[in-house]
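Engineer: This is the structure, below, for whatever I ask next.
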Amino acid sequence: MSLDSRTFRKALGSFASGVTVITAIDPRVGQPVGVTVSAFSSLSLDPPLVLFCLGRTGSCVSGIEAAGRFAVNILADDQREISGRFAGPVEDRWRGLDWVALSGGSPGLPGALTVLECTLTRTVEGGDHLIFIGEVETIQSREGARPLIYQCGAYLDLPATTP
């Protein structure tokens, strides 16, 4: 059976995932870079490692590599606008947006469900993508928020839960 990329992409889109924005400070220009990513996963508990994937030609690839560190901003369900902003045109991503410098200097997005600041430990080739592996150094969490979930090209609304 031959797979075409459209069929493959559609099939993988059926997998519901959380939404993250990966951020870093590009030391070559001293400016923040960031991109919406759903290809994110935990990798190891000891040491605490996470990974995310970006297309080789992505606008943030070289900035994240040059920084040697990054933040994974796991978005809350009230941050759809942030998700869209960082998936849109590069020049509009940071315009008028407040952010905080985390302890290692990476940009943290206020209101995120969880923010993981990581040191980049390795970049691995994976087809037309690069797999970035980072060791988690700090964690900040927002209590009481729900995750932003994406599936089949749309955000999902989770029902309210009771404790």
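Here, each number is a calculation from the coordinates, and none is a lab measurement. Bear in mind the structure is a predicted one, so any value in this text is a computation, not a measurement. All Cβ positions, even for glycine, are placed from backbone atoms using ideal geometry, and neighbour counts span all protein chains on display.
Engineer: Test of the criteria: in segment 47-134, which trypsin sites (Lys or Arg not before Pro) are in a DSSP loop and have at most 13 other Cβ atoms within 10 angstrom of their Cβ?
Structural biologist: On the way: sites: ARG56, ARG69, ARG80, ARG85, ARG93, ARG95, ARG122; in loops: ARG56, ARG93, ARG95.
In loop regions of segment 47-134 (DSSP not H, G, I, E or B), the sparsely surrounded trypsin sites (Lys or Arg not before Pro) are ARG56, ARG95.
Engineer: Which residue, chosen from HIS129, SER83, ILE139, occupies the Cα position most advanced towards the positive end of the dipole of the chain, where the dipole is computed from +1 (Lys, Arg) and -1 (Asp, Glu) charges on Cβ about the Cα centre?
Structural biologist: After comparing all options, I get HIS129.
Engineer: Please identify the chymotrypsin sites (Phe, Trp or Tyr not before Pro) of segment 41-139 that satisfy two criteria: DSSP loop assignment and at most 16 other Cβ atoms within 10 Å. Which are they? Write out the running numbers ahead of the final one.
Structural biologist: Details: sites: PHE52, PHE70, PHE86, TRP94, TRP99, PHE132; in loops: TRP94, TRP99.
Those that pass, being in a loop and sparsely packed, are TRP99.
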